[in-house]
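See below for the structure under consideration.
The values are calculated or read from the model by the stated rules, or taken from the named source; none is laboratory data. Note that this is a predicted model, so its numbers are computed, not measured. Methodologically, a virtual Cβ is constructed for each residue, glycine included, from the backbone with ideal geometry; neighbour enumeration extends over all protein chains shown. Ligands, DNA and RNA are stripped out before the accessible areas are found, and what is left, the full protein with its side chains, is counted by its heavy atoms. Shrake-Rupley method; radii C 1.70, N 1.55, O 1.52, S 1.80 Å.
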Amino acid sequence: MSWRPQYRSSKFRNVYGKVANREHCFDGIPITKNVHDNHFCAVNARFLAIVTESAGGGSFLVIPLEQTGRIEPNYPKVCGHQGNVLDIKWNPFIDNIIASCSEDTSVRIWEIPEGGLKRNMTEALLELHGHSRRVGLVEWHPTTNNILFSAGYDYKVLIWNLDVGEPVKMIDCHSDVILCMSFNTDGSLLTTTCKDKKLRVIEPRSGRVLQEANCKNHRVNRVVFLGNMKRLLTTGVSRWNTRQIALWDQEDLSMPLIEEEIDGLSGLLFPFYDADTHMLYLAGKGDGNIRYYEISTEKPFLSYLMEFRSPAPQKGLGVMPKHGLDVSACEVFRFYKLVTLKGLIEPISMIVPRRSDSYQEDIYPMTPGTEPALTPDEWLGGINRDPVLMSLKEGYKKSSKMVFKAPIKEKKSVVVNGIDLLENVPPRTENEVRTISYYFHGPGRMFFRQQDEIRRLKEELAQKDIRIRQLQLELKNLRNSPKNC
């Protein structure tokens, strides 16, 4: 038998990356220099949000997508956090609601006004306190409205019901810092990677670990669910310190299905999966490459397509939701690339070359839309439901009609002679110092001594409140566990 090369037919074999013209980029942005392994960028069909470099707290910019070009240095920011902002995520169902988490141990929900910010925003719609250490990750539930997950450096994942503004569940199965979280299509399963070198598949409502892999040869960093294929893909480092990807069966994590070495660079590999086209994108932090593959359910599972190359290194990448793509240009994916050295955000469109101008139904199947499938109470009650699908032919320009209503929470304060001591606002001028020292019948340092004492007591009280809340959640999880049924 004569040897014949194996040709593989694929409609995405010739997908190419197209960088937007300079006038369609966002320039002059002081992108954060934080070394935390996150994207520091979030995008939806209306806004682009970027974590910025700032002194004395954490802040991020929110820019309407049509406002391209150079951004003024005094452009308004969201700047309510007391520590560096580590992660930001847009609500998938309400375009102007964004969640942020920070080194100040809090998670905050912000409502961006129509048309973007006109002045600095310092008051959050909702402040969520429950972690005892800094919070590194936030993720919205993919099918349920107002359910938010946060992972902190206290090794815990808290599940927040934003209808009540409180944590309703706690996942406490990790022994080190959580590096990444990813949901399957209907949000019934959560997978995490952890600094303890373990990959876990978790039932989020009970916190029960369904599968666990101890990845000694493949040190996992990032993980993503591959839609409804019942597969997981992880990126990490091999025992020889080369960048590597591995494909896993979500129901059996004893051994990866395949492992493939990528290159010898040291930057983190960020995986992005498009369930509509079954395409996987791998973007390296610190380099300008984006490789893309096609995933299938049969061997060889992973087929290399092409590579987008750029000399400008990327710090992180934001991804446009499907309903924000330009279907008339056959755009199937869009990145927003953070170029720190230039203070630049570059849109990169992944395009399928087609001659026809008509709607290409074969590359745009029905896709998850902007309507939630469940309410928080339904999901917490044990119901799972697939996302509500929409057609990009008709519905991609429609905006969601949902509105976020924050629960009313009392703000406690201690006021002495018109000064709110719990706010810990230091005096800004010499006159304020003199006024305060007068009220406290002593030199100005008496005020600062009492402020330090109040701050210490407040921190002790907050830690005790957090511990009480965590114990209550642990007790609830124990009662709900199958062993006690």
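Counting helices only, and only those DSSP H runs with n ≥ 4, report the 222 nm mean residue ellipticity of the chain as the sum of -39,500 (n - 2.57) divided by its residues, in deg cm²/dmol to the nearest 500. Walk me through the numbers on the way to the answer.
Working: 3 runs with 52 residues, N = 485.
The helix contribution divided over the chain gives -3500 deg cm²/dmol.
Just want to confirm a number: the relative contact order over the chain, from Cα pairs under 8 angstrom separated by 6+ residues, in percent. Don't skip to the answer; put the middle values down first.
Details: 1067 pairs, mean separation 64.3, N = 485.
Relative CO of the chain lands at 13 percent.
Counting only protein heavy atoms and a 1.4 Å probe, the chain has 49 square angstrom of accessible area per residue. For the chain, the longest principal axis of the Cα atoms and the long axis of helix 444-480 meet at an angle of about 50 degrees. Along the axis of the charge dipole computed for the chain (Cβ charges of +1 for Lys and Arg, -1 for Asp and Glu, origin at the Cα centre), the listed residues 290, 218, 247 are led at the positive end by 218. FRET efficiency for the pair residue 120 and residue 461, taken as 1/(1 + (r/R0)^6) with r the Cβ-Cβ distance and R0 = 35 Å, rounds to 0.75.
Based on the Kirkwood radius over alpha-carbon pairs, what is the Stokes-Einstein translational diffusion coefficient of region 252-315 at 20 °C with 1.002 mPa s viscosity, in µm²/s?
165 µm²/s
Once the chain from residue 33 to residue 403 is taken as fully extended at 0.36 nm per residue, the excess over their C-alpha distance is 129.8 nm.
Put the Cα centre of region 14-61 next to the Cα centre of region 105-179 and the gap is 20 Å.
Please identify the longest segment of the chain free of exposed GluC sites (Glu not before Pro), where exposed means a DSSP state other than H, G, I, E or B and no more than 12 other Cβ atoms within 10 Å.
Excluding the exposed sites themselves, the longest stretch runs over 124-250.
Note the full-extension length gain between residue 228 and residue 254 as 0.36 nm times their separation in residues minus their Cα-Cα distance, in nm to one decimal.
Details: separation 26, 0.36 × 26 = 9.36 nm, distance 2.02 nm.
So the extension gain works out to 7.3 nm.
Take every DSSP beta bridge whose two residues both sit in the chain; close to 95 percent of them are antiparallel.
Using only alpha carbon pairs under 8 Å that are at least six residues apart, calculate the relative contact order of region 118-204 and give it in whole percent. For region 118-204, the relative contact order is 19 percent.
Dipole of the chain, Cα-centred, from +1 at each Lys and Arg C-beta and -1 at each Asp and Glu C-beta, to the nearest 20 debye?
Numbers: 64 positive and 59 negative charges, 120 e Å.
In debye, rounded to 20, the chain gives about 580.
Tell me whether region 16-394 comes out rounded, prolate or oblate; compute the Cα gyration tensor, take square roots of the eigenvalues as a ≥ b ≥ c, and use a/c under 1.5 as the rounded threshold.
Working: a/c = 1.25, a/b = 1.04, b/c = 1.21.
In terms of gyration-tensor shape, rounded.
Taking label positions 7 Å along the Cα-Cβ direction at both residue 133 and residue 217, the computed distance is 3.1 nm, reported to one decimal.
Highest mean first, what order results for 308-315, 55-62, 39-46 on Cβ atoms within 10 Å?
Details: 308-315: 16.4, 55-62: 18.6, 39-46: 22.4.
Ranking, from highest mean packing down: 39-46, 55-62, 308-315.
Taking 75, 281 and ordering them by how much accessible surface each has at a 1.4 Å probe, largest first, produces 75, 281. Restriction of the trypsin sites (Lys or Arg not before Pro) in region 61-147 to DSSP coil positions whose beta-carbon has at most 14 other beta-carbons within 10 angstrom yields 118, 119, 133. For region 155-162, backbone phi angles converted through the Karplus equation (6.51, -1.76, 1.60; θ = phi - 60°) give residue-by-residue couplings of 6, 10, 10, 9, 9, 9, 9, 6 Hz, Gly and Pro being listed as x.
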